[in-house]
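The values are calculated or read from the model by the stated rules, or taken from the named source; none is laboratory data. Given the structure is predicted, the values throughout are model-derived calculations rather than measurements. Neighbour counts are summed over all protein chains in view; Cβ atoms, including those assigned to glycine, are modelled from backbone coordinates with ideal geometry. In case anyone asks, the SASA skips ligands and DNA or RNA and just uses the protein heavy atoms, side chains included. Shrake-Rupley method; radii C 1.70, N 1.55, O 1.52, S 1.80 Å.
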Amino acid sequence: KGFGGGYRNVTSSHYTASTENYILGIATPFTGGTSPVRVTIPNPSLYSAGAVLVIKDEASARGGSSIVITRSAGAGVATYTFDGDSLYTLTGTMPAISLYSNGSNWFVF
């Protein structure tokens with residue numbers, strides 16, 4: 001049996017990750033236009049240092065849209081980043097990103 005991390009099949013145009021998530025499979029189909037799918041990643045302080053989150057586009061035909069990874073709104077927003085940026089955009093055919101937390105920021109690996 002393989003590793004059994006918390007998989008979440010995302011079928012909406014906006015999803016907020018939780019500490020129970022390990023893999024987010026973005027299955028939201030392309031419906032025309034260029035509106036991105038938005039995935040909000042909570043403050044890394046809610047996760048333990050070393051937490052890993054994988055985001056994978058599972059829709060084979062996203063067209064001109066993208067997947068935008070953003071910070072949560074509210075207190076402390078400006079205090080954490082994704083490799084130093086406030087958001088991260090996935091484009092292309094079925095991209096993926098792996099993130100880890102040091103408890104203060106998210107890093108791409």
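Consider THR19 carefully, then state whether it is among the hydroxyl-bearing types (Ser, Thr, Tyr), loosely packed, with under 13 Cβ neighbours inside 10 Å, at pLDDT 85 or above and in contact with a strand residue (DSSP E or B) (Cβ under 9 Å, 6 or more places away or on another chain). Considered against the rule, which asks whether it is among the hydroxyl-bearing types (Ser, Thr, Tyr), loosely packed, with under 13 Cβ neighbours inside 10 Å, at pLDDT 85 or above and in contact with a strand residue (DSSP E or B) (Cβ under 9 Å, 6 or more places away or on another chain), THR19 comes out as no.
Quick check on this structure: which one of ALA59, ALA73, ALA49 is open to solvent by less than 30 Å² (accessible area, probe 1.4 Å), out of contact with any strand residue (DSSP E or B) (no Cβ under 6 Å at 6 or more places or on another chain), of a type in the set (A, V, I, L, M) and not in a strand (DSSP E or B)? Steps first, answer last, please.
On the way: ALA73 fails: open to solvent by less than 30 Å² (accessible area, probe 1.4 Å); ALA49 fails: open to solvent by less than 30 Å² (accessible area, probe 1.4 Å).
The match here is ALA59.
A Cβ distance below 8 Å, combined with a sequence gap of six or more or placement on separate chains, defines the contacts here; from the stretch 91-109, residues that are in contact (Cβ under 8 Å) with a residue 12 or more places away in the chain and of a type in the set (A, V, I, L, M) reach residues that are open to solvent by 40 Å² or more (accessible area, probe 1.4 Å) and not in a strand (DSSP E or B) in the pairs MET94/GLU58; MET94/SER60; LEU99/PHE109; VAL108/ASP83.
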